[in-house]
1. Of all residues being surrounded by fewer than 18 Cβ atoms within 10 Å (Cβ to Cβ) and in contact with a Gly (Cβ under 8 Å, 6 or more places away or on another chain) in segment 101-127, which is modelled with the lowest pLDDT? Just the residue, please.
2. Confirm whether residue 268 is more than 24 Å from residue 148 (Cβ to Cβ), touching a Leu at 6+ places or on another chain (Cβ under 9 Å) and small (Gly, Ala, Ser).
3. Of all residues being of a type in the set (A, V, I, L, M) and assigned to a loop (DSSP other than H, G, I, E, B) in segment 19-75, which is surrounded by the fewest Cβ atoms within 10 Å (Cβ to Cβ)? Just the residue, please.
4. Of (1) closer than 15 Å to residue 168 by Cα; (2) within 17 Å of the chain's Cα centre (by Cα), residue 76 satisfies all except one. Which?
5. Count, please, the residues in segment 268-326 that happen to be assigned to a loop (DSSP other than H, G, I, E, B), among the basic types (Lys, Arg) and modelled with pLDDT under 90.
6. Filter segment 110-163 down to the residues that are closer than 17 Å to residue 264 by Cβ, in contact (Cβ under 8 Å) with a residue 12 or more places away in the chain, among the hydrophobic types (A, V, I, L, M, F, W, C) and not in a loop (DSSP other than H, G, I, E, B) and list them by number.
7. Go through segment 128-176 and give me each residue that's among the aliphatic types (A, V, I, L, M), in contact with a Leu (Cβ under 8 Å, 6 or more places away or on another chain) and surrounded by fewer than 18 Cβ atoms within 10 Å (Cβ to Cβ).
8. Tally up the residues in segment 1-35 that are at pLDDT below 95 and of a type in the set (Ser, Thr, Tyr), please.
Amino acid sequence: MLPLISLTDLETAGGRAHLAEVSRTVGFFYLTDHGVPDAVQQQMVDVAGRFFALPQADKDAIAMVNSPHFRGYNRLGGELTNGRVDRREQIDIAPDRDPIPDAVGPMRLQGRNQWPAALPELRTVVVEYQHELARVSRTLLGRWAEALGARSDFFDDAFALPATLMKVVRYPARPVGEDGFTDQGVGAHKDSGVLTVLLAQEGSSGLQVERTDGAWLEATPQPGTFIVNIGEMLEVATDGRLVATRHRVVTPPGAPERLSIPYFYAPSLDAVMPRIPTRDGGPSRITDDPDNPLFDSYGQNTWKSRTRAHPDVVERWYPDEVVARA
């Protein structure tokens, strides 16, 4: 079982020391005492269920391939991880802002969301939910900074215009004996942002966290908690003292349908992640993986992830990227 951390306990030095230790070892934990009202969470789950129950045509009307900003709906099998198809359907939502004229590279990610005309209440519920999760994430990041010997406002400048991403995901049931499908709900990966706050249905299973010995630990949702994990930008900010943990979602035969709502807290697209100085002045220990380089700029880091996950969007809107990645 993952460690349990109370957000209110992080106001104490002992609580922050516990956070630092968990971050250095597991990189995942259950967050309790977060203050997000049950009603807000339930509204989010309910509206997510109603979205996925819409006729396929209503969902396809906001297909991600229609968005140059990587926003909108993907059918089952519409996203890739490690070049393999993920077995889920989802909608991707980010801050609603005007696109940047003549933007290049990562700044192309700024833009407008696509909202389903058949479910106008989705937008209202998402905005309220995001407001609550932003509060939790800001508090948690400030406590993380303090746990590592910096001021609580150390990261504030980098978050002047957060480029947070949120996914609303449905993993369909997989009947026993069903053939022709992979177990990959989501392939093993690290999150490209700073931290992730996950709301998953109680009683569901499938999320697994990679331990340092290479084994996989089940991260079953617990009542009254969110699941939180470190992203790649926090690894960059700490010169590798904290390491983003690989994780995956598996959907074995017999798995029931389940909903999952990850909220990826991230700095401005053009922000260079500030580094918290090491007390011993030692060298950086950031993960050196030629297949997954980590960038100081959040925009570059998430552009890497988005273009790999959605080659159909790249092919339609950014053929120059197709050439560059060939």
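The values are calculated or read from the model by the stated rules, or taken from the named source; none is laboratory data. Since the structure is predicted, the reported quantities are computational estimates derived from the model, not experimental observations. Please note: Cβ atoms are built from the backbone with ideal geometry, for glycine as well, and neighbour counts cover all protein chains shown.
1. 105
2. Working: more than 24 Å from residue 148 (Cβ to Cβ): no; touching a Leu at 6+ places or on another chain (Cβ under 9 Å): yes; small (Gly, Ala, Ser): yes.
No, not satisfied.
3. Going through segment 19-75, the residues of a type in the set (A, V, I, L, M) turn out to be 19-20, 22, 26, 31, 36, 39-40, 44-45, 47-48, 53-54, 57, 61-65.
Filter once more, so that each one left must be assigned to a loop (DSSP other than H, G, I, E, B): 26, 36, 53-54, 61-62.
Details: 26: 18, 36: 20, 53: 11, 54: 16, 61: 16, 62: 18.
Top of the filtered list is 53.
4. With respect to (1) closer than 15 Å to residue 168 by Cα; (2) within 17 Å of the chain's Cα centre (by Cα), residue 76 is out only on (2).
5. The qualifying residues number 2.
6. Selection gives 126, 133, 134, 136, 140, 141, 144, 158, 159.
7. Result: 161, single match.
8. Residues in segment 1-35 being at pLDDT below 95 and of a type in the set (Ser, Thr, Tyr): 2 in total.
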